[in-house]
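The block underneath contains the structure these notes are about, expressed in structure tokens.
The values are calculated or read from the model by the stated rules, or taken from the named source; none is laboratory data. Predicted, not measured: the structure shown is a model, and the values here were computed from it. Methodologically, a virtual Cβ is constructed for each residue, glycine included, from the backbone with ideal geometry; neighbour enumeration extends over all protein chains shown.
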Amino acid sequence: MTGNQRFSNVMSKFPHQAREWRLRQASGQSPFAIIFSCVDSRVPPELVFDRGIGDLFVIRTAGHVIDNAALGSIEFGVEELHIPLIMVLGHQSCGAVAATIAALDQHTPTPDQINSLVAAITPAVEQARGQTGDRLDNAVRANIALTVERLRTVPLLGEAPEQQRVKLVGARYDLHTGGVEVTHM
Ligand SMILES: [Zn+2]
């Protein structure tokens, strides 16, 4: 979050990108956070948090939809690399969430595997239905919360006492300010 403050204030330091640091990281990685985020080209985690090589373990799918490969990658980060923090990072104006709203409103089938994204994001759109305020942004926030809650049900990440070493949070990135706001603890 400190790095994000630098980024949003246009004071990025671009740390951990020098040759010496890269060479030191070649013998092993110890990233301090898993960022599970959307594929959106405007939300690159290393830039948004002003971090460099070896800092962030990043998994990205459209709308941070969980599939087996994404979940296996998150579990790998926790089990093998002992990363203590998972952040689900959604963002303003998410195209995957917008596409889901459009598909539900228009009852139009989406092609092939895009349909699996729509199916996964549909519960967030349903949850946001009837809320006051911006419909897309409400659905984005619901999608973040539901993704965090879904990850909490994964035995390796969530419930058992010895696994409480992993902290799971949800956050939303604002395209205009560049700021990240923690929305779900
Ligand atoms: Zn998105």
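Could you look through the stretch 103-145, keep only residues that are touching a strand residue (DSSP E or B) at 6+ places or on another chain (Cβ under 9 Å) and of a type in the set (A, V, I, L, M, F, W, C), and pick out the one that is surrounded by the fewest Cβ atoms within 10 Å (Cβ to Cβ)?
ALA145
Of everything in the stretch 25-81, what is of a type in the set (Lys, Arg) and either crowded, with 21+ Cβ neighbours inside 10 Å or closer than 23 Å to MET11 by Cα (or both)? Give them in sequence order.
Of everything in the stretch 25-81, those that are of a type in the set (Lys, Arg) and either crowded, with 21+ Cβ neighbours inside 10 Å or closer than 23 Å to MET11 by Cα (or both) turn out to be ARG42, ARG51.
Scan the stretch 8-30 and give yes if some residue there is closer than 30 Å to ALA128 by Cβ, under 13 Å from the mean Cα position of the chain (by Cα) and more than 13 Å from the ligand (Cβ to nearest atom), otherwise no. It would help to see each step written out before you state the result.
Quick first cut of the stretch 8-30, residues closer than 30 Å to ALA128 by Cβ only: 8.
Still in the list and also under 13 Å from the mean Cα position of the chain (by Cα): none.
Within the stretch 8-30 (the criterion being closer than 30 Å to ALA128 by Cβ, under 13 Å from the mean Cα position of the chain (by Cα) and more than 13 Å from the ligand (Cβ to nearest atom)), the answer is no, since none of the residues qualifies.
Take the stretch 110-139 and flag every residue that is among the small types (Gly, Ala, Ser) and either assigned to a helix (DSSP H, G or I) or within 16 Å of the ligand (Cβ to nearest atom) (or both).
Correct list: SER116, ALA119, ALA120, ALA124, ALA128, ALA139.
Hey, any hits in the stretch 94-109 for a residue that's assigned to a loop (DSSP other than H, G, I, E, B), within 15 Å of the ligand (Cβ to nearest atom) and modelled with pLDDT of 95 or more?
Yes: the stretch 94-109 contains one or more residues that are assigned to a loop (DSSP other than H, G, I, E, B), within 15 Å of the ligand (Cβ to nearest atom) and modelled with pLDDT of 95 or more.
Being more than 22 Å from HIS82 (Cα to Cα), within 14 Å of the ligand (Cβ to nearest atom) and not in a loop (DSSP other than H, G, I, E, B) is the filter here; which residues of the stretch 34-71 pass it?
Within the stretch 34-71, VAL48, ALA62, GLY63 qualify.
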